[in-house]
1. What nm value, rounded to one decimal, do you get for the distance between residue 29 and residue 100 when each label is placed 7 Å out toward the C-beta?
2. If a/c stays under 1.5 just call it rounded; otherwise compare a/b with b/c (prolate if a/b is bigger, oblate if not). Do that for segment 9-109, with a ≥ b ≥ c from the square roots of the Cα gyration tensor eigenvalues.
3. Take each of the peptides 68-75, 113-120, average the number of other beta-carbon atoms within 10 Å over its residues, and list them starting from the highest.
4. For the peptides 91-104, 54-67, 26-39, what is the packing order when you average, over each peptide's residues, the other Cβ atoms within 10 Å and list the highest mean first?
5. Starting from the 7 Å offset along Cα-to-Cβ, what nm value, one decimal, do you get for the label separation of residue 124 and residue 137?
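A short reminder: the numbers here are calculations on the coordinates, not readings from a lab. The model shown is predicted, which means the values in this text are computed figures rather than measured ones. Glycine also receives a Cβ, built like all others from the backbone with ideal geometry; neighbour counts cover every protein chain displayed.
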């Protein structure tokens, strides 16, 4: 945990016993104090601003991913820490996503102007996948940098 700064504010809130017990359980599981667990959860609730501008089905997907990860962690190691948990998580997610697979031709249908991103080759499934992975890696790197700045 980062040391408090002058910009940090101390506050007191009243919680139901159930909410406190759930926070205490999560804090213990994550190796944090209850106060730190509360702060991280509150910070996360404000940092999801990018997800607010996605469509309803994508918002549902984000929520389902988080719920599956939490449910898995209730009884098993996290998906990112154990090969068996990872396989179960990925298979469950893919199976859940199949209900939304659109019928019809699976070829890419780029919007006007998209060809500029891919130059002469045009968008192929593989280079669109690589573009999305690059975006994900950039997002994670940015999140890691922001967390590092918080910890300094």
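1. Simple spin-label model gives 2.4 nm for this pair.
2. Here segment 9-109 falls in the oblate category.
3. My ranking of the peptides, most packed first, is 68-75, 113-120.
4. The packing order, highest mean first, is 26-39, 54-67, 91-104.
5. A separation of 1.8 nm, rounded to one decimal place.
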